[in-house]
Amino acid sequence: MINDPIFFDGFDGLLRTICAAVFLYVAVVVAVRIFGKRSTSQMNNFDWIVTVGIGSLMASGVMLEDVTVIESVAAIYVLLGLQWALTRSMLSSDEVTKAIKSEPTLLLHRGEVIEAAMKRERLTMAELHAAVRGAGLSRIEDVQWVILETNSSLSVIPNTQPLDDPSVLRHVAGAEQLVQQEPG
């Protein structure tokens, strides 16, 4: 244990780590330019998984001696290529979109919490209250809708915001009947 180099193991490993980190960083920057902004966004859970995967692959190429930089770059580009192909197919196929992407979910309507949706999405009242406060509102009764979005964020629409375009709720689970009931 005394001879175990915990803090420094020589300049060879340090130089390899620095060179690998620089090369992988440049490779990922180029990949984002090639595959688009969505490649490292968190638009939905699938995008988040890809982003985490890229980070893990970068770390493997930088820190693991038995994983070469080129292997890491290849894996990153394959992952981004698959994501690009899948998102392109989602643009032309509703079936693919439904299979991959979760729908936004209505959690609250006109100050009334939709308990079944809250349970199904495993959200607590504390989280709902935090979203309401985050929207600058102090009473749940002042909220028209709270929607759990596909990227896991909570959208809070206050009562003061009219529903001028019901189509914005078209793909929100639980909002279909409520939109039809809206006055106007």
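Test LEU106 against the criterion of being closer than 23 Å to VAL50 by Cβ and either in contact with a helix residue (DSSP H, G or I) (Cβ under 6 Å, 6 or more places away or on another chain) or among the hydrophobic types (A, V, I, L, M, F, W, C) (or both), and give yes or no.
Details: closer than 23 Å to VAL50 by Cβ: no; either in contact with a helix residue (DSSP H, G or I) (Cβ under 6 Å, 6 or more places away or on another chain) or among the hydrophobic types (A, V, I, L, M, F, W, C) (or both): yes.
No.
For the stretch 1-31: of the residues being among the hydrophobic types (A, V, I, L, M, F, W, C) and at pLDDT below 85, which is surrounded by the most Cβ atoms within 10 Å (Cβ to Cβ)? Let's see the steps before the verdict.
Keep residues of the stretch 1-31 that are among the hydrophobic types (A, V, I, L, M, F, W, C), which gives 1-2, 6-8, 11, 14-15, 18-24, 26-31.
From the residues that got through so far, the ones that are at pLDDT below 85 too are 1-2, 6-8.
Values: MET1: 4, ILE2: 3, ILE6: 6, PHE7: 4, PHE8: 8.
Filtering the stretch 1-31 for residues that are among the hydrophobic types (A, V, I, L, M, F, W, C) and at pLDDT below 85, the one surrounded by the most Cβ atoms within 10 Å (Cβ to Cβ) comes out as PHE8.
Looking at the stretch 128-138, can you tell me whether even one residue there is out of contact with any His (no Cβ under 9 Å at 6 or more places or on another chain) and within 30 Å of ALA21 (Cβ to Cβ)? Can you show your working first?
Filtering the stretch 128-138 down to residues out of contact with any His (no Cβ under 9 Å at 6 or more places or on another chain) leaves 128-138.
With within 30 Å of ALA21 (Cβ to Cβ) added as a condition, the list becomes none.
No, every residue in the stretch 128-138 fails to be out of contact with any His (no Cβ under 9 Å at 6 or more places or on another chain) and within 30 Å of ALA21 (Cβ to Cβ).
Inspect all residues belonging to the stretch 35-43 and state whether any of them is exposed (fewer than 13 other Cβ atoms within 10 Å of the Cβ), closer than 30 Å to THR97 by Cβ and at pLDDT 90 or above.
Taking the stretch 35-43 and keeping what is exposed (fewer than 13 other Cβ atoms within 10 Å of the Cβ), we get 37.
Within this subset, residues satisfying the condition of being closer than 30 Å to THR97 by Cβ are 37.
Now restrict to residues that are at pLDDT 90 or above: none.
The answer is no, given that none of the residues of the stretch 35-43 is exposed (fewer than 13 other Cβ atoms within 10 Å of the Cβ), closer than 30 Å to THR97 by Cβ and at pLDDT 90 or above.
Within the stretch 60-73, identify whether any single residue is surrounded by 14 or more Cβ atoms within 10 Å (Cβ to Cβ), under 27 Å from LEU148 (Cβ atoms) and free of Cβ contacts under 8 Å to residues at least 40 places away in the same chain, and answer yes or no.
So in the stretch 60-73, the residues surrounded by 14 or more Cβ atoms within 10 Å (Cβ to Cβ) come out as 60-62, 67, 69, 71-73.
Filter once more, keeping what is under 27 Å from LEU148 (Cβ atoms): none.
Taking every residue of the stretch 60-73 in turn, none turns out to be surrounded by 14 or more Cβ atoms within 10 Å (Cβ to Cβ), under 27 Å from LEU148 (Cβ atoms) and free of Cβ contacts under 8 Å to residues at least 40 places away in the same chain.
SER155 - would you say it is assigned to a strand (DSSP E or B), touching a helix residue (DSSP H, G or I) at 6+ places or on another chain (Cβ under 9 Å) and small (Gly, Ala, Ser)? It would help to see each step written out before you state the result.
Working: assigned to a strand (DSSP E or B): yes; touching a helix residue (DSSP H, G or I) at 6+ places or on another chain (Cβ under 9 Å): yes; small (Gly, Ala, Ser): yes.
Here the answer is yes, as SER155 does meet what is asked.
What is the residue count in the stretch 129-151 for residues that are assigned to a loop (DSSP other than H, G, I, E, B) and closer than 28 Å to ILE49 by Cα? Full working, then the answer.
Filtering the stretch 129-151 for residues assigned to a loop (DSSP other than H, G, I, E, B) gives 135-139, 149-151.
So of that shortlist, the ones also closer than 28 Å to ILE49 by Cα come out as 135, 149-151.
Of the residues in the stretch 129-151, 4 are assigned to a loop (DSSP other than H, G, I, E, B) and closer than 28 Å to ILE49 by Cα.
Of all residues in the stretch 91-107 being over 16 Å from the mean Cα position of the chain (by Cα) and in a helix (DSSP H, G or I), which is surrounded by the most Cβ atoms within 10 Å (Cβ to Cβ)?
First, the residues of the stretch 91-107 that are over 16 Å from the mean Cα position of the chain (by Cα): 91-96, 98-99, 106-107.
Going one step further and asking which of them are in a helix (DSSP H, G or I), we end up with 91-92, 94-96, 98-99.
Working: LEU91: 8, SER92: 8, ASP94: 8, GLU95: 9, VAL96: 15, LYS98: 12, ALA99: 10.
Residue satisfying both the conditions and the ranking: VAL96.
Looking at this structure, is ALA126 among the aliphatic types (A, V, I, L, M), touching a strand residue (DSSP E or B) at 6+ places or on another chain (Cβ under 9 Å), surrounded by fewer than 17 Cβ atoms within 10 Å (Cβ to Cβ) and in a helix (DSSP H, G or I)?
no
The values are calculated or read from the model by the stated rules, or taken from the named source; none is laboratory data. The structure presented is a predicted model; accordingly, all values stated were derived computationally and were not measured. No Cβ is skipped: glycine too gets one built from the backbone with ideal geometry, and neighbour counts run over all protein chains shown.
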